[in-house]
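Have a look at the structure below before the remarks.
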Amino acid sequence: MDEMLREFVVEALDLATNVEEHLLSLERNPGDMNTLNAVFRSFHTIKGGAGFMNLTAMVSACHLTENLFDALRTGKAAVTPEAIEAALEASGFVADQLAALNNGTPPEQLSTMPAALERMLTDAIEGSSSSTAPASAPVAAVPVAAPVTATVAQVASATATTEANNKDGEIDWTAYYRAVVPPGTIPEPVADVLATPIADLPAAAPAPANIREETEAVKATLATPDTAIKQNAPAKEESIRIDAVKLNTLLEVAGESVQAANQAAVLLEKLSQFKFDGQAAPIMSALTETLTRASRYSTELQRATLATRMQPVGRLFQKFPRLVRELARDLGKDVDLVISGAETEVDRVVVDSLYDPLVHMLRNALDHGIESAEDRAQVNKPVRATISLKAWQEASSVMIEVSDDGKGMDAQKLRDKAVSKGLINPHDARTDDEAFQLVFLPGFSTKEVASSVSGRGVGMDVVKTAVERHRGAIRIASELGKGTTFLIRLPIELSIVPTMVVRTDGASLALPMATVQRVVELPEEFESVGGQPVLRDLGRPLPVKSLGRILGYSPASERVGIVIAAPSPYILSVDSVDGTADLVIKPLTCITTPGVTGTARSAEGELVLVISLSFLIDGCKVREMMSA
C-alpha cells in the first residue's frame, strides 16, 4: 500500500466510525441538524478521497448516501428508520472496504457495491422526496439549490468524461480549484454540476449564469498571486502519524536509558563514599552534575514517549452502540447503551486488546442480564433497559465498568451449576463474591441450550485472560433483581509500573502500588480464627498470609506486613521493605508462574519478580482446576 492510500485509509476509518456513532445518535434525535450535517460532511469527505484513489464502489456508495442526507438536512424528507438503516448499511460497506485495504487487499480486487445496498439507498432517496428529478433529466434543468441524484452508472459516466477531457490536453480547472480552495467554498450542488464539463451539457439548456460565474471564479482564483492563495490555505496540521513499531522501539530504548541512568546513580553514590583530592575532586563534582542531568532528561524522555502511546478509551467505546443496537433487536429487547468517561486515556495496547473482552461482556449483559419486556413489566421496571459503559482514572489505574439494570446473578445457582459440571468442589466458593467469580471458569455457562449469542461456556474466561495479560484484574458485583456490575482495573501505563519492592527469603519482589494500602509492623504472635492467623488493623480483623510461603520460598522472619486493598482485605507478610520504585516490566514469555506477571531490574541491577495485580486482588489464591 502506498503512502497516500495508507493515509486515506487511516483517516477514512476514523470518519466511518464517527458516522456510525452519529447515525445511532440521529436515530434517537431525528431533529438534530448538527448531526445531520456531520454525517453529510463525513460521507462527502470520504467520497472525495475515494475518488482521488479511484475507488469507484466506495465513491458510488458515498455519493448515494450523500444525496440521501442532502434531502434529509434540507428538509425535503423526514428521518425515518428506513433511511437510518440504509445509511448504516452504507457505512458498514465503506468500513468493510477500508478494512480490506488496511489488510493489504489491492484496490482493484475490492468488491463492487452490492445491488441490494444500491437498491436500498435508491429506494430511500426516491421514497424520501417526490420532488426529486428523474435520472434522465438534463443536468442543466436541475435547479442549483436542489440535490442532484445520480445512479452508479451516472457517476462512472461523469468520471469517464472528465478523464477524456484530461486526455485531450485541456486543463481541468475545477480539479485545480478544488485542490487550492478550502472545502466548503463552493456549495456542494454547484460543485457537482461543475464536475460535468460545460461543453457536454445539452445545447438546448445553456449553463446557468451563476455556474458560468463560478467557472470564471476558478480561473480568476488560479490567476492570483501565490500570496493570496497562501492566505486562503487551510492551517497546517499539528499532528503526524507514526508507525506503532517505531514508537514501541523508542519507548523500549527510553526505558533502558532510565534504567542505565538509575544504575549509574547508584554506582556514583557508592563512589562518593571515597575521598577524592586534588584534580579528582572537581572531576567528581562535574560527573555528579552530569549524571544528575542525564537522569532527569532520560526520565522526561520516557514520560514524553509514554504520553504518545496514550489514547482515549472513547476510540474503543464508540464501536459498541451499533453492536448493542443490533444485538438487542435480534433478541427482541429494548436497550439503551449509556457511555461516560470516553475521554479517559490509557495505553494504546490496552485500547486495542480490550475490544473482544468488552464485546463478550456486553453480549453477556444483553443475553443473560437483561430481561424481556414482559418480565421487566411484571417487576415494575422500565421496559427499556439500560447498560452503562464507564471509564475513569483512579490513582495509577484506569477503571472500566460495565453494568446493567437486569435480573442480577443468583450466587447459589452459580455454585450448583459449577458443582454439577465438576468445575469446583461442593465446599468451594462459599461467599457470594467467590461464587460470582465462577463465571470466569472455562466451560461454565448457566444456559441450558446454546444460542448464536451465548451458552457454550466460552467468552467470560477469555475476558479474564485478556485482562490479566495486561496486568489487570476484574471483579463482579451483583444484586438479585437489581443488576450486575463488572469492574476492570488496568494499569494506565503497561511498560512502567509503580511498585513497592519487598524481600522474602533473600528474593526481591515487587507489589503493584495500586493494591498497597499501608505498611504495618507484625507481632511475634497472632490471634487465630479457624486456624488462620489474624491481626487487627484499624479495628478490623484481617487474615495474615505469608507471601514467601505462597510462592514457594522459605521465609526466615517475616515481621513486616503489607495491607492489601482487595474486595476482602488481608495482610501480606514479608521479611522487609526496600522502598518504592517505578519499574520497567518485561513480561514472562517462556514460562508461566502463578502469581508472577513479569520481571524487572532494580536500580542496583538486581532481578526483581513482579507480582500479578489480579493475584493479589484474588487473595493470593492458586486455583487448581478439577477435571470434568
Worksheet item: Is it the case that segment 292-305 has a residue that's of a type outside the set (Lys, Arg) and closer than 30 Å to residue 388 by Cα?
Response: no
Practice prompt. For segment 100-114, enumerate the residues that are under 15 Å from residue 53 (Cβ atoms) and of a type in the set (A, V, I, L, M, F, W, C).
Written response: 100, 101, 110
Response to the item:
Note on segment 299-313: residues open to solvent by 30 Å² or more (accessible area, probe 1.4 Å) and assigned to a helix (DSSP H, G or I) are 299, 300, 301, 303, 304, 307, 308
Discussion item. For a quick check of your reading of the model, give me the residue pairs whose first member lies in segment 259-287 and is surrounded by 15 or more Cβ atoms within 10 Å (Cβ to Cβ), whose second is assigned to a helix (DSSP H, G or I), with beta-carbon atoms closer than 6 Å and at least 6 apart or on different chains.
Written reply: 261/294; 261/295; 261/298; 264/291; 265/295; 268/291
Fill in: Criterion (touching a strand residue (DSSP E or B) at 6+ places or on another chain (Cβ under 7 Å), modelled with pLDDT under 85 and of a type outside the set (Ser, Thr, Tyr)) met by exactly one of 545, 621, 586
586
Item to complete: Any residue in segment 233-257 that's closer than 16 Å to residue 300 by Cα and modelled with pLDDT under 80: show its pairings with residues that are open to solvent by 100 Å² or more (accessible area, probe 1.4 Å) and not aromatic (Phe, Trp, Tyr) at Cβ separation under 6 Å, as long as the two are six or more apart or on different chains.
Response: none
Response to the item:
For helices (runs of 4 or more DSSP H) lying entirely in segment 314-390, having 1 or more residues that are among the small types (Gly, Ala, Ser), touching a strand residue (DSSP E or B) at 6+ places or on another chain (Cβ under 7 Å) and open to solvent by less than 50 Å² (accessible area, probe 1.4 Å) picks out 320-331
Discussion item. Give me the residue from segment 73-96 that is open to solvent by less than 10 Å² (accessible area, probe 1.4 Å) and not β-branched (Val, Ile, Thr) and, out of that set, nearest to residue 120 (Cα to Cα).
Written reply: 86
Discussion item. So, in segment 496-517, how many residues would count as being of a type outside the set (S, T, N, Q) and either on the phi > 0 side of the Ramachandran plot or not in a strand (DSSP E or B) (or both)?
Written reply: 4
Worksheet item: Just one of the numbered conditions (1) open to solvent by less than 60 Å² (accessible area, probe 1.4 Å); (2) out of contact with any helix residue (DSSP H, G or I) (no Cβ under 6 Å at 6 or more places or on another chain); (3) acidic (Asp, Glu) is not true of residue 461; which one?
Response: (2)
Worksheet item: Can you tell which of 56, 74 is more than 23 Å from residue 319 (Cβ to Cβ), of a type in the set (S, T, N, Q) and modelled with pLDDT of 85 or more?
Response: 56
Worksheet item: Does at least one position in segment 28-38 carry a residue that is among the acidic types (Asp, Glu), part of a helix (DSSP H, G or I) and modelled with pLDDT under 85?
Response: no
Discussion item. Tell me whether segment 55-66 contains one or more residues that are buried (at least 24 other Cβ atoms within 10 Å of the Cβ), touching a residue at least 12 places away in the same chain (Cβ under 8 Å), in contact with a Leu (Cβ under 8 Å, 6 or more places away or on another chain) and in a loop (DSSP other than H, G, I, E, B).
Written reply: yes
Discussion item. Please go through segment 409-429 and give me each residue that is surrounded by fewer than 19 Cβ atoms within 10 Å (Cβ to Cβ) and part of a loop (DSSP other than H, G, I, E, B), ordered by number.
Written reply: 410, 421, 422, 425, 426, 427, 428
Worksheet item: Just one of 11, 21 is touching a Pro at 6+ places or on another chain (Cβ under 7 Å), open to solvent by 50 Å² or more (accessible area, probe 1.4 Å) and of a type in the set (D, E, K, R); which is it?
Response: 21
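The values are calculated or read from the model by the stated rules, or taken from the named source; none is laboratory data. Note that the coordinates shown come from a computational prediction; the quantities given were computed from them, not determined experimentally. When we count neighbours, we look across all protein chains shown, and the Cβ atoms used for this are built from the backbone with ideal geometry, even at glycine. Surface accessibility is based on the protein's heavy atoms, side chains included, excluding ligands, DNA and RNA. Shrake-Rupley method; radii C 1.70, N 1.55, O 1.52, S 1.80 Å.
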